[in-house]
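Have a look at the structure below, then the notes.
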Amino acid sequence: MISNNPTRCAACRFLRRRCPQDCVLAPYFPSSNPERFACVHKIFGAGNITKMLEQLPVHLREAAADSMFYEASLRVEDPVYGCVRIISQLQHHILEAQSEILKTNGQIASYIAQQQLQQQQQNVVDGASYQQDMQISEYLGVGSDVQTLANDSYFHP
Amino acid sequence: MAGTSPCASCKLLRRRCTKDCIFAPYFPSDDPHKFVIVHKVFGASNVSKMLQELPAHQRADAVSSLVYEANARMRDPVYGCVGAISYLQNQVSELQMQLAVVQAEILCTQMQHEPMVPTPQQIMDDPDDQKSYFLQNNNLGQYLSFPSSSNVIHDSLQRENIFGHDMVS
């Protein structure tokens, strides 16, 4: 004779039946939380919950019961989309973030290219100024160091 | 109905498929697997109740999401859709971190890109000023004659202002 649980679990209380000692649902639907089972039963049904839990090893049943409760509560909240709405929103966030990363990487590449171009232009200008200085020195027939001394003596008589 | 095959749900449940069968529009006979999955996870009576509680124009979306959830639960009997949510949340966190890194990188690049000291090319606003610039560069000694170098500093700061950097307090 199978002995019964002294306190029926939430599932057996809801289903108005005796709660055996080896009740599959009792560990995951305690009598202290009747709403939890009511929610899961509304979406999945007691029979389906029991079948799904029985097909799993014992150490995985708690996680399965928790995830079913989570899904069921989202479905009760949103009868059309349930937890699929959250999945859809997360996928959208992922696409947005990926797009933003691509765009920012593009901007970085553009800045680097601009920097390189400016550096090249600067090199050309520096090269041109240097050439002009050299031409003046040649024209004056003096070296650059002699020109500096000449300037000093001019401004510092 | 003569000549009309029963919908996938009525075929599986072995019952007569009536004209106002609530499942028929969403579970056609050519896709029996769809209803099998939904029935296995949620049960036909629960699905029927859920659909009846919804306005007709929302039922197709509800069925699609139920099929999605049922498939997820079949693939992962422990976590179902919650596993997918957890995976996607991790992806979002990772991407947000990547985005933060890349945004910090672009700030650094921008700071490097904006010159603190204007190049000679930038000083030459007007092509006609090329001569005066040339003269300035070759008469730098005139600046050295001033008793203090404050005017030199002032001049360089004024040039900064042209480019929008307000360094003069």
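The values are calculated or read from the model by the stated rules, or taken from the named source; none is laboratory data. This one's a predicted model, so the numbers in the text were calculated from it and none came from an experiment. For neighbour counting, all protein chains shown are included, and Cβ atoms are generated from backbone atoms with ideal geometry for every residue, glycine included.
Structure notes:
- Scoring A:Leu56 on the criteria (1) more than 27 Å from the chain's Cα centre (by Cα); (2) more than 7 Å from every other protein chain (Cβ to nearest Cβ) leaves a single failure, condition (2).
- Among the residues of region A:43-82, those that are within 19 Å of A:Cys9 (Cβ to Cβ) and of a type in the set (D, E, K, R) comprise A:Lys51, A:Glu54, A:Arg61, A:Glu62, A:Asp66.
- Residue within region A:47-60 that is of a type in the set (Gly, Ala, Ser) and in the same structural domain as A:Asp22 (by the TED database) present: yes
- Residue among A:Leu53, A:Leu25 that alone is among the hydrophobic types (A, V, I, L, M, F, W, C), closer than 21 Å to B:Lys40 by Cβ, touching a Ser or Thr at 6+ places or on another chain (Cβ under 8 Å) and surrounded by 15 or more Cβ atoms within 10 Å (Cβ to Cβ): A:Leu25
- Test: residue in region A:5-20 that is hydroxyl-bearing (Ser, Thr, Tyr) and more than 14 Å from chain B (Cβ to nearest Cβ): yes
- Total residues in region B:50-101 satisfying the condition of being surrounded by fewer than 19 Cβ atoms within 10 Å (Cβ to Cβ), assigned by the TED database to the domain that holds B:Val36, assigned to a helix (DSSP H, G or I) and among the acidic types (Asp, Glu): the figure is 1.
- Region A:55-106: number of residues that are in a helix (DSSP H, G or I) and either farther than 30 Å from B:Leu107 by Cα or touching a strand residue (DSSP E or B) at 6+ places or on another chain (Cβ under 9 Å) (or both): 25
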